[in-house]
Structures are given as structure tokens and as C-alpha cells.
1. Just to be sure, is residue 52 touching a strand residue (DSSP E or B) at 6+ places or on another chain (Cβ under 9 Å) and either modelled with pLDDT of 95 or more or open to solvent by less than 10 Å² (accessible area, probe 1.4 Å) (or both)?
2. Among the listed residues 117, 93, identify the single one that is at positive phi and of a type in the set (D, E, K, R).
3. Please count how many residues of the stretch 195-211 are within 17 Å of residue 258 (Cα to Cα) and open to solvent by 10 Å² or more (accessible area, probe 1.4 Å).
4. Collect the residues in the stretch 144-180 that are assigned to a helix (DSSP H, G or I), open to solvent by less than 30 Å² (accessible area, probe 1.4 Å) and among the aliphatic types (A, V, I, L, M), keeping them in residue-number order.
5. Determine, yes or no, whether residue 131 is among the polar types (S, T, N, Q), over 18 Å from residue 297 (Cα atoms) and buried (at least 23 other Cβ atoms within 10 Å of the Cβ).
6. Within the stretch 3-109, considering only strands (runs of 3 or more DSSP E) that don't extend past its boundaries, which have at least 1 residues that are among the aromatic types (Phe, Trp, Tyr) and free of Cβ contacts under 8 Å to residues at least 60 places away in the same chain?
7. Taking the conditions exactly as written (in contact with a strand residue (DSSP E or B) (Cβ under 7 Å, 6 or more places away or on another chain), basic (Lys, Arg) and open to solvent by 10 Å² or more (accessible area, probe 1.4 Å)), does residue 20 satisfy them or not?
Amino acid sequence: MLRPGDRVRVIAPGSAPDTRLARGIEILRGFGLEVELGAHVNDKYGYLAGTDEARLADLNAAFRDPGIRGVFAARGGYGTQRIVDGLDLAAVRRDPRVFVGFSDLTALSGRLWRGARLVSFYGPMVNWTDSRTGPVEIESLRKAVMTTEPVVLTRDPAEPSAAVQVPGTATGTLLGGNLTILQTGYGTRDFPDLTGAILMFEDVDEAPYSYDRMLTQLRRAGALDRIKGIAIGQFTNAPVTAGQWTAAQAVQDRVGDLGVPVLGGLRIGHGNGQLTVPLGTKATIDAAAGTLTIAPGVTDRA
């Protein structure tokens with residue numbers, strides 16, 4: 001786990017950050033961490049935060065430096081899939097450290113798990129927006145990476161995905177992330193084996209039919225055949241059209257017959273109140289109680 005005084009590095013494997021980065025750095029420094037920026041964080045190359053070579057260099061430098069104990073993504077957007085196959089997995093295995101990111105960084109979390117069995121943290125980017133992630137969410141991030149307390153999330157009935165539910169309880173390794181990145185990563189070296197897993201997914205700016213299409217493809221490919229359960233985060237900015245299915249109704253139709261418990265309404269993802277969860281540790285969903293209980297993603301340090 002991270003401790004006050006630890007050096008952490010902010011990198012941008014996807015899109016470039018903006019002026020909001022300063023607020024995220026302030027928050028991390030408020031945890032007592034020594035924050036550094038990757039050499040190319042402020043680069044721009046089209047819609048990317050610098051060339052593939054520059055972004056990959058920052059990524060590997062962060063995982064190779066023995067003094068860096070945590071790596072935080074500056075922003076998501078797009079671009080991580082272009083460089084993730086160049087990750088120095090030997091360095092990751094040699095000296096595991098905290099990694100935090102979500103959305104486009106789902107590809108990196110999957111690669112870290114597939115290639116090194118490294119737990120990562122699905123939580124806010126350093127490009128911070130206080131109106132979306134306030135004091136409760138700041139504390140959620142701090143506790144996830146700086147304490148060994150279990151992470152417990154409770155179904156929020158105000159979340160659109162709360163309408164998706166299949167009764168039951170299940171325990172398995174929590175894996176997943178952004179549904180778009182998971183679906184487009186199927187068949188690559190960053191898609192995790194979901195056998196025995198609790199699949200977690202969320203997405204943003206996707207229509208109901210898009211959720212249907214992505215889940216249908218994963219079903220047809222056999223990716224969901226041996227999961228133990230499903231934990232669903234936020235359906236952020238999903239359009240609602242009169243007379244048609246909502247995103248929740250489309251997802252219920254696609255996962256309701258899999259024979260596993262399903263719990264929606266979790267504040268994981270792109271919406272307001274985003275909480276931080278570890279990926280790669282044991283988790284238990286209890287759909288009736290509306291809880292997702294996750295083992296800590298870090299261990300204590302002497």
C-alpha cells in the first residue's frame with residue numbers, strides 16, 4: 001500500500017490532460033504523496049497525449065523506476081490500446097506497485113492482470129472534477145490505495161443501472177472495467193479470463209442498443225460462459241427514447257438469463273460520485289442486500 005512520503009508518478013497513456021490536472025495533483029499531495037509527472041504528460045499528438053513511443057516510454061519508466069510506488073493515470077479518452085502490448089511485464093513482476101485508472105485504462109488493467117497478476121484500482125483520473133468527485137470520493141480513493149480495509153459498495157437506487165438485478169449471491173475475482181474497451185479488447189492479450197470471476201462493467205455515452213451489441217458479442221464469443229456473477233456500475237449519459245428500452249432494460253435482457261446473480265446501481269464509472277474499487281481481488285455480491293464487498297487490493301508494509 002502507499003504511505004505518506006511515497007513517490008508516485010502521473011502518466012498519460014491515452015488522451016492529454018487539461019487544467020484540471022492541477023486539482024488532482026493537489027489531492028494526491030494532500031494524501032502526503034510526492035507527485036511527479038511523466039516526461040511526456042503534456043505532449044499532444046492529434047487526439048493523443050504524445051506519440052505512441054513517448055507515451056509508452058512514460059508508461060515503462062513509471063513501472064521500472066524502483067523509487068516509484070504508485071502510478072496514476074492523468075486522463076482516459078483513447079490511446080492505451082495502441083501501446084499496451086509494449087508494457088515491460090518483467091519490470092511489473094519484479095517490483096509490483098499501485099496503479100490507478102479507469103475507462104480507456106481498462107486495457108492496461110487487463111494487461112497487468114493477464115501478464116503479471118497485478119491488482120489495479122478502477123478509480124478517478126488525476127484530471128479531477130470536484131463537481132463529479134467530491135470529499136467522499138477522495139476518501140474512497142485514499143482508503144483503497146493507502147489502507148488494507150475491505151471496499152464495500154452499496155446499490156444506489158438513483159443510478160440508472162440499479163434497475164438491473166438478478167437475485168442471489170456469488171463470490172469470485174472482480175475483473176472488468178469499461179464495457180467498450182472490454183469488448184474491443186476481446187481476443188487480445190489484455191482481455192482477462194473471466195472463469196470464476198465477478199464481471200464488473202460500466203460505460204458512458206452509449207445507447208441501449210450499444211450495450212446490447214457489446215454484451216451479445218461477448219456472449220457469442222463464450223466470454224461470459226463461466227462467470228460467477230455480474231456487478232454493474234454507472235450507465236452515464238445513456239439516452240432514453242420513449243417507447244424503446246432503456247440501457248438498464250437492454251442489459252437486463254442480455255444478462256438476466258445467464259444463471260448468475262446480477263447487482264446494478266454501483267457508483268463505479270464515469271458518473272457523479274465515482275468510487276474506487278480494486279480489480280483482481282476476491283469480491284462477493286449479494287443482490288438482495290444490494291452490496292458488493294471486495295477484499296483489499298493492497299497489503300500492509302513493514
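1. Values: touching a strand residue (DSSP E or B) at 6+ places or on another chain (Cβ under 9 Å): yes; either modelled with pLDDT of 95 or more or open to solvent by less than 10 Å² (accessible area, probe 1.4 Å) (or both): yes.
When the stated conditions are applied, residue 52 passes them.
2. Numbers: 93 fails: at positive phi.
Only one candidate qualifies: 117.
3. Going residue by residue through the stretch 195-211, those that are within 17 Å of residue 258 (Cα to Cα) are 195-201, 211.
Narrowing the set further to residues that are open to solvent by 10 Å² or more (accessible area, probe 1.4 Å) leaves 195-196.
Selection size over the stretch 195-211: 2.
4. Just the residues of the stretch 144-180 that are assigned to a helix (DSSP H, G or I), to begin with: 144-146, 160-163, 179-180.
Now drop any that are not open to solvent by less than 30 Å² (accessible area, probe 1.4 Å), which leaves 144-146, 161-162, 179.
144, 145, 146, 162, 179, listed by residue number.
5. Values: among the polar types (S, T, N, Q): yes; over 18 Å from residue 297 (Cα atoms): yes; buried (at least 23 other Cβ atoms within 10 Å of the Cβ): no.
Considered against the rule, which asks whether it is among the polar types (S, T, N, Q), over 18 Å from residue 297 (Cα atoms) and buried (at least 23 other Cβ atoms within 10 Å of the Cβ), residue 131 comes out as no.
6. Values: elements: 7-11, 34-37, 68-73, 98-100.
Fully inside the stretch 3-109 and qualifying: 98-100.
7. On the way: in contact with a strand residue (DSSP E or B) (Cβ under 7 Å, 6 or more places away or on another chain): no; basic (Lys, Arg): yes; open to solvent by 10 Å² or more (accessible area, probe 1.4 Å): yes.
No, not satisfied.
Residues checked against (1) touching a residue at least 40 places away in the same chain (Cβ under 8 Å); (2) on the phi > 0 side of the Ramachandran plot; (3) within 16 Å of the chain's Cα centre (by Cα):
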residue	(1), (2), (3)
226	no, no, no
231	yes, no, yes
236	no, no, yes
245	no, no, no
250	yes, no, no
277	yes, no, yes
281	yes, no, yes
287	yes, no, no
300	yes, no, no
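The values are calculated or read from the model by the stated rules, or taken from the named source; none is laboratory data. Quick caveat, the model's predicted, so the values are computed rather than measured. Heads up, the Cβs are rebuilt from the backbone with ideal geometry, glycines too, and the neighbour counts pull from every protein chain shown. Surface areas here come from the heavy atoms of the whole protein model, side chains and all, with no ligands, DNA or RNA. Shrake-Rupley method; radii C 1.70, N 1.55, O 1.52, S 1.80 Å.
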